[in-house]
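Every number here is computed from the coordinates shown, using simple stated rules; none is lab data. Just so we're clear, the structure is a prediction, and the values are computed from it rather than from any experiment. In this analysis, Cβ positions are derived from the backbone assuming ideal geometry, glycine residues included, and neighbour counts consider all displayed protein chains.
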Amino acid sequence: MNSVPINVLIVEDDEDDVFIVRKFLKQSEFFRFETTWESDPAKARS
């Protein structure tokens, strides 16, 4: 596994969808992901 995390910004208004994406990313055997969630697209762009 790569020790350097890949930063992922999840822009999604549905918390259930964020849960699914995070669960999917945790299944990776080769990469480690650090996720940040923002529900507001305007805030995500700033």
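Summarising the amide proton neighbourhood of residue 37: residues at separation of 5 or more, or on other chains, whose placed amide H is nearer than 5 Å comprise 10.
Note on the chain: helix-only mean residue ellipticity at 222 nm, from DSSP H runs of 4+ residues weighted -39500 (n - 2.57) and normalised by residue number, equals -10000 deg cm²/dmol. Taking 0.36 nm per residue of sequence separation and removing the Cα-Cα distance, the residue 24/residue 36 pair yields an extension gain of 2.9 nm.
Each residue of the stretch 30-46 is assigned a 3J(HN,Hα), and the resulting list reads 10, 9, 10, 10, 10, 10, 10, 10, 9, 8, 9, x, 5, 5, 5, 6, 8 Hz, derived from the Karplus form 6.51 cos²θ - 1.76 cosθ + 1.60 (θ = phi - 60°), x at Gly and Pro.
Between the labelled values [x] 22, 13, 4; [y] 18, 9, 9; [z] 17, 15, 11, the entry that holds semi-axes √(5λ) of the Cα gyration tensor in Å as derived from this structure is [x]. Computed from backbone phi, the HN-Hα couplings of the stretch 4-19 come to 8, x, 9, 7, 10, 9, 9, 9, 7, 8, 9, 4, 5, 5, 4, 4 Hz, rounded to whole numbers (Karplus: 6.51 cos²θ - 1.76 cosθ + 1.60, θ = phi - 60°; Gly and Pro given as x). Between residue 17 and residue 2, the distance separating the two model label sites (each 7 Å from Cα on the Cα→Cβ line) works out to 2.5 nm.
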